[in-house]
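Every number here is computed from the coordinates shown, using simple stated rules; none is lab data. Note that this is a predicted model, so its numbers are computed, not measured. Here Cβ is always computed from backbone atoms with ideal geometry, including for glycine, and neighbour counts include all displayed protein chains.
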Amino acid sequence: MISRFGVSLDSELLRDFDRLIARKGYRNRSEAIRDLIRESLVQEEWRGEGPVVGVVTIVYSHDKREIVDALTDLQHLYYENIVSSMHVHLDEENCLEVIIVRGRAGDVRTLADRLMSTKGIKHGRFIATTTGKGLR
Ligand code: NI
Ligand code: NI
């Protein structure tokens, strides 16, 4: 079922919003607002105890053997929270790893932080997403 509701806001704020969503390619305000609401609900999931899903990406030099060992140890320690991982050899030296993580928000966050803060990692990013169960 679809509900409609009216929103009152400052016209300059609305103009800025319209400009932003046009740039992002939304066709109308409803779609943009739906996504904002879903994003807030996902943020809220990460504050709860329920299962969540995330993606960790890390870039490092495989010349540093201690990084490779540390990453393997960490992934075996948290094997229950790792759904899958992909390793790409970017060039002669650099590796990209994409690790899909799942579980309780606290555990998953700790694992992501530990992966990204492993000594020698050149760049780490974490996307906190959702199992989708709590969203329409
Ligand atoms: Ni292994
Ligand atoms: Ni590699």
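Indicate the gyration tensor shape class of the range 62-103 (rounded, prolate or oblate), computed on the Cα atoms with a ≥ b ≥ c the square roots of the eigenvalues: a/c under 1.5 is rounded; otherwise a/b larger than b/c is prolate and the rest oblate.
Since a/c reaches 1.5 but b/c is at least a/b, the shape of the range 62-103 is classed as oblate.
Could you name the lysines in cross-link range of LYS122, using Cα to Cα under 18 Å and dropping any fewer than eight places away on the same chain?
Of all the lysines, those that pass the test against LYS122 - Cα under 18 Å, at least 8 places apart if same chain - are LYS64.
On full extension of the chain, what length is gained from LEU13 through ILE127, given 0.36 nm per residue of separation minus the C-alpha to C-alpha distance?
Difference between extended and current length: 38.2 nm.
Near LEU9, within a Cβ-to-Cβ distance under 13 Å, what is the net charge of the other residues, with Lys and Arg +1 and Asp and Glu -1?
-2
Roughly how big is the chain's charge dipole about its Cα centre, with Cβ charges of +1 (Lys, Arg) and -1 (Asp, Glu), in debye to the nearest 20?
Its charge dipole is roughly 680 debye.
Would you work out which of TYR26, SER61, VAL7 lies farthest towards the positive end of the dipole of the chain? Charges go on Cβ: Lys and Arg +1, Asp and Glu -1.
In the chain, that residue is VAL7.
If you fit an axis through the alpha-carbon atoms of helix 105-116 and take the longest principal axis of the Cα set of the chain, what angle between them do you get, 0 to 90°, nearest 10?
The angle comes out near 50 degrees.
Check cross-link reach from LYS24 to the aspartates and glutamates: straight Cα distance under 17 Å, and skip same-chain residues fewer than eight apart.
Within the straight-line limit of under 17 Å, LYS24 reaches these aspartates and glutamates: ASP16, ASP35, GLU39.
Ratio of alpha-carbon Rg to the 2.2 N^0.38 Å globular estimate for the chain, to two decimals, please.
1.37
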